[in-house]
């Protein structure tokens, strides 16, 4: 499973400097579980796809729906955006089955 190990290594490198940021931590946890699927791990190895890029993609999606300068999304909404960003698709989601974390991803757009 070279893809799994390579994806984990890439993700951990991308986390440097963001270890105390909850959004990055939630996304990392989600991606680490997704990396168990070889097809998903291969998609994560794309140098153009990063955790920061996923956060930026999610922020852009939140900005479109924001009212009063902020937007709160459910886990499912946030992880769907991440899936779209990485190109996982519904097949990878169905195979993984662990796409829920019991907390909301809360964006205050003024902090970004």
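General remarks:
- Selection count where residues are assigned to a helix (DSSP H, G or I) and either more than 12 Å from the chain's Cα centre (by Cα) or surrounded by 14 or more Cβ atoms within 10 Å (Cβ to Cβ) (or both), scope segment 23-51: 19
- Applying the set (1) at pLDDT below 75; (2) at negative phi to residue 97 leaves exactly one unmet item: (2).
- Residue satisfying all of: in segment 1-22; without any contact (Cβ under 8 Å) to a residue 12 or more places away in the chain and not in a helix (DSSP H, G or I); nearest to residue 84 (Cα to Cα) among these: 21
- Just one of the listed residues (59, 50) is farther than 27 Å from residue 2 by Cβ, touching a helix residue (DSSP H, G or I) at 6+ places or on another chain (Cβ under 8 Å) and modelled with pLDDT of 90 or more, and it is 59.
- Segment 59-85: number of residues that are in a helix (DSSP H, G or I), surrounded by fewer than 16 Cβ atoms within 10 Å (Cβ to Cβ) and touching a strand residue (DSSP E or B) at 6+ places or on another chain (Cβ under 7 Å): 1
The values are calculated or read from the model by the stated rules, or taken from the named source; none is laboratory data. Everything numeric in this text was worked out from a predicted model, so none of it was measured. All Cβ positions, glycine included, derive from the backbone under ideal geometry; neighbour counts span all protein chains shown.
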